[in-house]
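Undergrad: This is the structure, below, for whatever I ask next.
Any read-out appearing in this document is the output of simple, stated calculations on the displayed coordinates, not a laboratory observation. All values derive from a computational prediction rather than experimental measurement. Using ideal geometry, Cβ is built from the backbone for each residue, glycine included, and neighbour counts are taken over all protein chains shown.
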C-alpha cells in the first residue's frame, strides 16, 4: 500500500526504501557534480569583479599634450614648422577659396582669416568633439581647412 501511495510499482516497503535511496543518491551525485563547478564559478566572478574595479594607470596629461604637439609638428610643412617654432602659430591655405588662415596655439577662436596683407579680418571657431589635446585640435583644424574648407566654414562660428 505504501508503494502505491508513493507512485511505486511495487507495494513493498523495501522497494519504497530502495526508490527513496536512489533519488537521494541521484540528488547527491548531482550536488557533488555541481560542487565541482563552484571554484570555476568563483574564479569567473572574481575575474568579472576585478575587470569592473580595475583602474587604468593614471594618464599623464602633460605627456599626452607633448605627444600631440610632436604629431602636429610632423604634419607641418617646413615653412609652417618655422612659423610654429618662432610664434606658436602657422598659416594654411584654404582648399576651395585659397584664403589664408593663421592657426594659433589654443582651442577656442584660434583660427584667424587673413587678408592679402596678413591682417586679421575674421576669427573662426571650430574643433573636433571631445577633450582632445591641443596638438590634435590644431592638426584637425589644419587638415580640415586644407581639405574641406567649405564644409568646415559652414559649421564654424565666425567672429568678425
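Undergrad: Points 7 angstrom from Cα along the Cβ direction at residue 89 and residue 105: gap in nanometres?
TA: If labels sit at residue 89 and residue 105, their model points lie 1.3 nm apart.
Undergrad: Something else now. State whether region 83-157 is rounded, prolate or oblate according to the following rule on the C-alpha gyration tensor (a ≥ b ≥ c being the square roots of its eigenvalues): a/c under 1.5 gives rounded; otherwise a/b larger than b/c gives prolate, and the remaining case gives oblate.
TA: Taking the square roots of the gyration eigenvalues as a ≥ b ≥ c, region 83-157 is oblate.
Undergrad: What is the distance, in nm, between label points placed 7 Å from the Cα along the Cα-to-Cβ direction at residue 117 and at residue 63?
TA: About 4.9 nm, to one decimal.
Undergrad: Ranked highest first by average number of other Cβ atoms within 10 Å, how do 95-103, 114-122 line up?
TA: Top to bottom by mean Cβ count within 10 Å: 95-103, 114-122.
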